[in-house]
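Below you'll find the structure, written out as structure tokens, and then a few comments.
The values are calculated or read from the model by the stated rules, or taken from the named source; none is laboratory data. Small disclaimer: the values here were computed from a predicted structure and weren't measured. A quick note on method: Cβ atoms are made from the backbone with ideal geometry, for glycine too, and the neighbour counts reach across all protein chains shown. Surface accessibility is based on the protein's heavy atoms, side chains included, excluding ligands, DNA and RNA. Shrake-Rupley method; radii C 1.70, N 1.55, O 1.52, S 1.80 Å.
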Amino acid sequence: MEITKLEAIKSLTPNAEFVMVNDVITEWHSEDITQPTDEAIATEQARLQAEYDALAWKRNRQAEYPSTLDCIHALLDGGDTLTDLQAQRQVVKDNHPKP
């Protein structure tokens, strides 16, 4: 996912009211909030993108972990079912280690 200019502006000025057309602020309606510069917006985009990218391992793990229902069944069944579940989870952790 690529962080957009709009997301960066909202991050910098969450309560600002403005109009954007084709990634350009055409109207700024928040007199009490200073409109961010293009440089500030680009810096915030880069910061948000780095933050998003740094959590890729977590998103990938969540997508591959066994479902909550499978975990509940394994806990209730115990024995080999629980051992198999733990093995599946370990494979996911090994494939997507924390940085």
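Rounded to the nearest 0.05, what FRET efficiency do Arg47 and Ser67 have when you use their Cβ-Cβ distance and R0 = 25 Å?
0.15
I'd like to check one number: the per residue accessible area of the chain, probe 1.4 Å, reported in Å² as a whole number. Don't skip to the end; give the middle numbers.
On the way: 7210 Å² over 99 residues.
Computed with neighbouring chains in place, this is 73 Å² per residue.
Could you work out the longest stretch of the chain that avoids the GluC sites (Glu not before Pro) located in DSSP loops with at most 10 other Cβ atoms within 10 Å?
Value returned for the longest uninterrupted segment is 32-99.
Sort all Cα-Cα distances of the chain into consecutive 10 angstrom bins from zero, then give the percent of pairs in each bin up to the one containing the longest distance.
Answer for the chain: a P(r) of 14, 29, 18, 16, 15, 8, 1 percent.
Suppose only helical runs count, i.e. DSSP H with n ≥ 4. What mean residue ellipticity at 222 nm does that imply for the chain under -39500 (n - 2.57) per run, divided by all residues and rounded to the nearest 500 deg cm²/dmol?
Taken over the chain, the calculation gives -19000 deg cm²/dmol.
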